[in-house]
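Below is one structure, written out as structure tokens; the observations come after it.
The values are calculated or read from the model by the stated rules, or taken from the named source; none is laboratory data. Note that this is a predicted model, so its numbers are computed, not measured. Cβ: placed from backbone, ideal geometry, glycine included. Neighbour counts: every protein chain shown.
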Amino acid sequence: MINTQTSISPPTARSRPPPKWFNSPVTHHTGTLGDIGKHIPTFERRPFSLSMPGDEPPGINAQLDTIVRKPFDGDKAFMPVGIVSKEYAFVQHATVLEVATQALKDAKINLATVKAEIKITAYGERMALSLYLPKEYSFDPGDGNPMALRLECLNSVDGSTRFRALMGWFRLVCGNGLVIGITRSDVRRRHVGDLQVGDVGAVLTAGIKDSETEKRNLQSWRNRPLTGKRILPWLKNDLRKKWGFKAATRAFHIATTGYDVEITGQYRNEDPTTIPVQKGERVKGTPELSENLFDLSQILAWLAKERRDLQEQIEWREQIPELLAPLAK
């Protein structure tokens with residue numbers, strides 16, 4: 001049992017700022033593989049140029065091009081979204097969807113049973129595509145809350161994010177987005193214009209194969225009991241050092257009450273277990289008192305999901321196994 005002497009104010013409604021990706025607003029769409037494509041714009045490249053007054057020829061940069069979004073979703077404008085080198089070869093988001101769909105088909109997965117989701121920036125320059133495999137690939141780690149296996153593809157047309165394909169788990173607890181990406185199947189490619197079905201297919205095949213091992217790993221985490229004597233030093237040192245004071249404080253309260261919090265007190269002379277806080281929302285899928293490694297993994301997944309920036313969400317999620325390593329010994 002972890003004792004707490006923290007001053008906790010009554011719960012309050014928490015207003016979340018809208019998500020972003022490198023400071024660009026992000027919209028979210030879900031649907032089938034057949035209809036998700038309508039939310040994906042297409043792009044072209046044009047010379048990076050500057051119009052001149054009168055009849056003067058435009059000034060054209062010989063080393064750079066402009067990536068332009070074509071008219072889309074009622075917007076008739078051609079919208080510039082980035083500047084890239086002449087050598088840069090971008091991959092269309094639509095191509096990523098096509099390649100991922102073909103990889104699923106090649107793996108004999110019924111496309112009608114796949115749920116698709118995209119998160120895309122306001123002008124469409126960055127896209128995160130998630131494809132949730134059907135129920136036969138899901139599993140219950142032992143707490144009654146199933147986890148779905150999913151294929152994720154990240155792409156940009158302006159060079160701000162490399163193409164990536166990776167497999168991971170999504171926890172289906174009232175749609176709260178608890179995620180832990182521990183399946184070690186990943187591909188990263190520079191934008192060289194040669195994305196192939198095999199690139200994504202290899203990740204999908206390896207991910208499905210590795211998922212059996214990962215299921216056993218997750219179940220072993222549930223069977224790894226932890227006491228406050230072990231958790232508290234980890235919170236105050238390992239987690240605080242990696243993710244900061246605020247994250248350590250939130251993790252402490254979720255682990256001891258099942259509720260997220262917001263810090264209300266001054267940091268001076270306080271630590272994550274003593275600083276005054278305001279009680280926030282109940283974190284679905286977590287117990288009132290965390291007692292094993294799996295419980296802590298889901299707390300970290302919640303904190304990662306709560307990051308406003310999508311890039312930070314991905315980075316934090318991938319750090320979870322490393323963060324938990326000291327407790328797994």
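What the table shows:
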item: Residue that is surrounded by the fewest Cβ atoms within 10 Å (Cβ to Cβ) [pool: residues in the range 227-285 that are free of Cβ contacts under 8 Å to residues at least 24 places away in the same chain and on the phi > 0 side of the Ramachandran plot]; result: 269
item: Helices (runs of 4 or more DSSP H) wholly inside the range 214-320 containing at least 1 residues that are touching a strand residue (DSSP E or B) at 6+ places or on another chain (Cβ under 7 Å); result: 245-257, 293-305
item: Extreme residue, surrounded by the most Cβ atoms within 10 Å (Cβ to Cβ), among residues of the range 92-101 that are under 16 Å from residue 201 (Cβ atoms) and touching a helix residue (DSSP H, G or I) at 6+ places or on another chain (Cβ under 9 Å); result: 100
item: Residue check for residue 108: under 21 Å from residue 195 (Cβ atoms) and among the basic types (Lys, Arg); result: no
item: Subset of the range 99-119 that is touching a residue at least 60 places away in the same chain (Cβ under 8 Å) and in contact with a Pro (Cβ under 8 Å, 6 or more places away or on another chain) - its residue that is farthest from residue 43 (Cα to Cα); result: 114
item: Selected residue [farther than 19 Å from residue 200 by Cα, in contact with a Gly (Cβ under 7 Å, 6 or more places away or on another chain) and at pLDDT 95 or above] from 125, 44; result: 125
item: Condition check for residue 109: under 25 Å from residue 204 (Cβ atoms) and surrounded by fewer than 21 Cβ atoms within 10 Å (Cβ to Cβ); result: yes
item: Of residues in the range 5-24 being touching a Ser or Thr at 6+ places or on another chain (Cβ under 7 Å) and in a strand (DSSP E or B), the one modelled with the lowest pLDDT; result: 9
item: Boolean, residue 317 is under 21 Å from the mean Cα position of the chain (by Cα), within 13 Å of residue 250 (Cβ to Cβ) and not assigned by TED's automatic domain parsing to the domain that holds residue 127; result: no
item: Residue within the range 81-93 that is modelled with pLDDT of 95 or more and within 19 Å of residue 32 (Cβ to Cβ) present; result: yes
item: Inter-residue pairs, beta-carbon under 8 Å, first closer than 19 Å to residue 154 by Cα and in the range 298-313, second among the small types (Gly, Ala, Ser) and surrounded by fewer than 20 Cβ atoms within 10 Å (Cβ to Cβ), 6+ apart; result: 305/177
item: Residue match in the range 186-204 (condition: under 24 Å from residue 324 (Cα atoms) and either modelled with pLDDT of 95 or more or small (Gly, Ala, Ser) (or both)); result: no
item: Hey, residue 51 of a type in the set (Gly, Ala, Ser) and surrounded by fewer than 11 Cβ atoms within 10 Å (Cβ to Cβ) or not; result: yes
item: One residue from 122, 128 being surrounded by fewer than 16 Cβ atoms within 10 Å (Cβ to Cβ), under 20 Å from the mean Cα position of the chain (by Cα) and within 19 Å of residue 39 (Cα to Cα); result: 122
